[in-house]
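Following: one structure in structure tokens, then a few remarks.
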């Protein structure tokens, strides 16, 4: 359960400098308490009940993304948001991401074709970090 261990370590020693650090800590703590995936609205409702003010989009951009970028893996699937607790849940998140990335690649190709169709240059379409 490396994901759970990493999340617990974060709670004990947060290594992120962010104006949303308290929301990050509350999110990780809340997700560790859950036994099944939950939707973003429920997470935001929980944060709101604790006195934090942010929208689901703000939560995704200002809390979830920085947590993932720092190595706190919070998985997504069609069932919701969760911290993987076993191999099956980790695989579920992987399958979800691969499907989403493939779909976005198809969307990018369609977009590039439309740009080329009017004689414009879509620029570099290579996706790298």
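Every read-out reported here was derived from the displayed coordinates using simple, explicitly stated rules and does not represent laboratory data. Since the model is a prediction, treat every value here as computed from it, not as a measurement. Note: ideal-geometry Cβ built from the backbone for every residue, glycine included; neighbour counts use all protein chains shown.
Being without any contact (Cβ under 8 Å) to a residue 24 or more places away in the chain and either over 18 Å from residue 5 (Cα atoms) or surrounded by 12 or more Cβ atoms within 10 Å (Cβ to Cβ) (or both) narrows it down to one of 72, 81, 115, so name that one.
Going through 72, 81, 115 in turn, just one is without any contact (Cβ under 8 Å) to a residue 24 or more places away in the chain and either over 18 Å from residue 5 (Cα atoms) or surrounded by 12 or more Cβ atoms within 10 Å (Cβ to Cβ) (or both): 115.
Grab the helices (runs of 4 or more DSSP H) fully contained in segment 1-81, keeping just those with 1 or more residues being touching a strand residue (DSSP E or B) at 6+ places or on another chain (Cβ under 8 Å).
Passing ranges, in order: 2-12, 21-33, 40-49.
Does at least one position in segment 10-31 carry a residue that is surrounded by fewer than 12 Cβ atoms within 10 Å (Cβ to Cβ) and within 24 Å of residue 92 (Cα to Cα)? Walk me through how you get there before you give the answer.
Residues of segment 10-31 surrounded by fewer than 12 Cβ atoms within 10 Å (Cβ to Cβ): 12-13, 15, 17, 19.
Then drop every residue that is not within 24 Å of residue 92 (Cα to Cα), which leaves none.
Looking for residues that are surrounded by fewer than 12 Cβ atoms within 10 Å (Cβ to Cβ) and within 24 Å of residue 92 (Cα to Cα), one finds none in segment 10-31, hence no.
For segment 85-107, which residues satisfy the criterion of being free of Cβ contacts under 8 Å to residues at least 24 places away in the same chain and either outside any helix (DSSP H, G or I) or closer than 23 Å to residue 4 by Cβ (or both)?
Selection gives 87, 88, 89, 91, 92, 93, 94, 95, 96, 97, 98.
Collect the residues in segment 96-108 that are surrounded by fewer than 12 Cβ atoms within 10 Å (Cβ to Cβ) and touching a strand residue (DSSP E or B) at 6+ places or on another chain (Cβ under 9 Å), keeping them in residue-number order.
Within segment 96-108, just 100 meets the criteria.
Just the residues that are surrounded by 16 or more Cβ atoms within 10 Å (Cβ to Cβ) and under 18 Å from residue 1 (Cβ atoms), please, taken from segment 35-69.
Selection gives 37, 67.
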